[in-house]
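> Sharing a structure here in structure tokens format.
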Amino acid sequence: MSKEILENINLLKKYDVHSWDYTEYPHKEVWSKEKKGKAFREAIIDVYSKSKLAPSMLYLHIPFCEQLCYFCICSKEITKDYSRVHDYARNYLIKEIDMMREVFKECGTTPNFNEIYIGGGTPNYLNKEDFDAVLEKIGTLIDLKKIKQFTVESDPRRVDIDKLNFYHSRGVNKLSFGVQDFDPKVQKEINRIQSPKLLKDLLVPDIRQKFKSINFDILIGLPGQTKKTMRSTIEKVVELKPDRIQFAYCHFRPVHRKYMVLMERNQRLPDFYEQKSIFAEGVEAILEGGYIRTGFEHFATPEDPTTKALSKKGTIHYNCVGSVTGDYTGLIGLGSSGYSSVGEDYYFQNFYEQNLYRQSIDKGELPVLRGYKLTRQDKICRDVINTIRTYFQISYQDIEKKYEINFHEYFKKSLKSLDEFALDGLVIKEEGRIRLTPNGEHFSTLIASAFDPHRKIPLYNPDIRV
């Protein structure tokens, strides 16, 4: 990724427009709220009743935190009353697992899950007894012996070595820590104080040996961040040697999360230009630390499976938990706001609001807020968008061979819309492929959105000349 782009402020202003991050495609905004629990049940039966079952991931959402972080856009409830967490786990999440088991009984098969991911919120808020109860119930749905990867997101301020050893004894082999930033002033502004020493004291050699992968989340765009503070943070991260780094932009959405305005109580947030400069500085420091870029905002050690998937198999892709190796194609999400990708054809998401989630469970209904069935066009566009987002290029032949289309004809309008990007040195159109320049990598999701027919807003600000 080049820093050259920072020398052209008009270029940054021209392409300072909204783009979805494409955790899934199409984006949730176009999903239908008419597709509820019945449609989810039918989709699972349609996909999982087939004779050859593709591997899947089971995701469980624990929507509770003891303290509010002002940057957070996750679906969660802030409480110090553990009875709320206990009630959710024992009386709702467990019941939803039971309901899902009944659905799979209708399929006449045991689902082929090879990965479990517990996210939040703060999953380590669950005490050992409730964690065991949930895990025991999961064992009635899937074969735990077949699980290859088992991840638990953890707040380093609220977990200790004893808890990490407990996770290991229960089969957990991957950890993901929310770091965000190590600068004390930034941490104060976002209401999340945690020193590098806190992580160092947790990640002792014995723990490193027990967990095959450690991930750190870092955010760009927080109050008080500068290029200097970000480089310092990344240098501390590199010293701690996580296996993966997720280096993402903070999504400032005070319309949906009113508390986010608290980040501006003492100073303004970094603007679009400053965020790009911070991102470029951070990427440079990460790469200097020996990491390989495995997607727009993801990095891993050379030995990590995602790096190998990127360089050898070419199967790496992006979903709600970040860059993954492509060893599974489906994802079933349980808990409030849980998101599911059922096979290649369906998306569903549970209610965000806990009261609506719980009401559905009490009625014996799958707590689905909305869903979507992909068309053939959606699948083709999804493939193109995910490839550009991850690999910063797309081969026409690969798509033509896979879907039996003529790329030029099928995406005639999309290719034409990239002319402006090409004139500004962000995209290079070659014979049989498109590739992003180092400057273009800064806008990979925006460039990919040229292939999104659901997008209704301009790709750039036409009144700004470069």
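> Taking the stretch 268-310, which GluC sites (Glu not before Pro) meet the DSSP loop condition and have no more than 11 other C-beta atoms within 10 Å?
Loop-located and lightly packed - Glu303.
> In terms of Cα to Cα distance under 16 Å, which lysines are near enough to Lys200, apart from those fewer than 8 places away along the same chain?
Within the straight-line limit of under 16 Å, Lys200 reaches these lysines: Lys163, Lys210, Lys236, Lys241.
> Around Leu198, under 13 Å between beta carbons, what's the net of Lys plus Arg minus Asp minus Glu among the other residues?
+3
> I would also like to ask the following. Taking +1 at the Cβ of each Lys and Arg and -1 at the Cβ of each Asp and Glu, which of Ile45, Ile218, Phe407 sits farthest along the dipole of the chain towards its positive end, judged by Cα position relative to the Cα centre?
Of the options given, the answer is Ile45.
> While we're here: Please give the peptides 81-88, 121-128 ranked by average Cβ packing (other Cβ atoms within 10 Å per residue), highest first, as a rough proxy for protection.
Averaged packing, sorted descending, gives the order 121-128, 81-88.
> Could you order the peptides 252-260, 176-184 from most to least packed, using the average number of other C-beta atoms within 10 Å per residue?
By packing density, highest mean first, the sequence is 176-184, 252-260.
> Report the Cα centroid-to-centroid distance between the stretch 239-266 and the stretch 99-163 in angstrom, as an integer.
One Cα centre to the other: 26 Å.
> Here is a follow-up. With a 1.4 Å probe and every protein chain left in place, tell me how much accessible area Met100 has, in Å² to the nearest 10.
Rounded to the nearest 10, the figure is 0 Å².
> Quick check: residue separation of Asp81 and His18 times 0.36 nm, minus the Cα distance between them. What number comes out in nm?
Going from the current span to full extension adds 18.8 nm.
> Once Rh for the stretch 44-124 is found with the Kirkwood sum over Cα pairs, what is the Stokes-Einstein diffusion coefficient at 37 °C and 0.692 mPa s, in µm²/s?
Reported coefficient: 224 µm²/s.
> Rounded to whole Å and sorted largest first, what semi-axes of the equivalent ellipsoid does the C-alpha gyration tensor of the stretch 350-466 yield via the square root of 5 times each eigenvalue?
35, 19, 12
> Sticking with this structure for a sec: Which of the peptides 236-245, 445-454 is most tightly packed, and how do the rest follow, going by the mean number of other Cβ atoms within 10 Å of each residue?
Answer by packing, highest mean first, reads 445-454, 236-245.
> Among DSSP beta bridges lying fully in the chain, give the percent that are antiparallel, nearest 5.
45
> For a quick check of your reading of the filter: which GluC sites (Glu not before Pro) in the stretch 362-443 sit in a DSSP loop and have no more than 15 other Cβ atoms within 10 Å?
Passing both the DSSP loop test and the Cβ count: Glu365, Glu404, Glu431.
> Calculate the tail of P(r) for the chain: the fraction of all Cα-Cα distances greater than 30 Å, expressed in %.
Distances greater than 30 Å cover 47 percent of the Cα pairs.
> What does the extension gain come out to for Lys258 and Glu4, with contour length at 0.36 nm per residue minus their alpha carbon separation?
87.9 nm
> Checking the cross-link filter: which aspartates and glutamates have an alpha carbon closer than 13 Å to that of Lys413, excluding same-chain neighbours under 8 positions apart?
Filter leaves Asp452.
> About its Cα centre, what dipole magnitude does the chain give when the only charges are +1 on Lys and Arg Cβ and -1 on Asp and Glu Cβ, stated in debye to the nearest 20?
With only Lys, Arg, Asp and Glu charged at Cβ, the dipole is about 320 debye.
> Now, a different point. Enumerate by residue number the GluC sites (Glu not before Pro) in the stretch 1-35 meeting two conditions: DSSP loop (anything except H, G, I, E, B), and at most 11 other Cβ atoms within 10 Å of the site's Cβ.
Listed in order of number, the matching sites are Glu34.
> In units of 2.2 N^0.38 Å, what is the alpha-carbon radius of gyration of the stretch 116-236?
1.17
The values are calculated or read from the model by the stated rules, or taken from the named source; none is laboratory data. Everything numeric in this text was worked out from a predicted model, so none of it was measured. Cβ: placed from backbone, ideal geometry, glycine included. Neighbour counts: every protein chain shown. Just the protein is used for accessible areas: all its heavy atoms, side chains included, with ligands, DNA and RNA removed. Shrake-Rupley method; radii C 1.70, N 1.55, O 1.52, S 1.80 Å.
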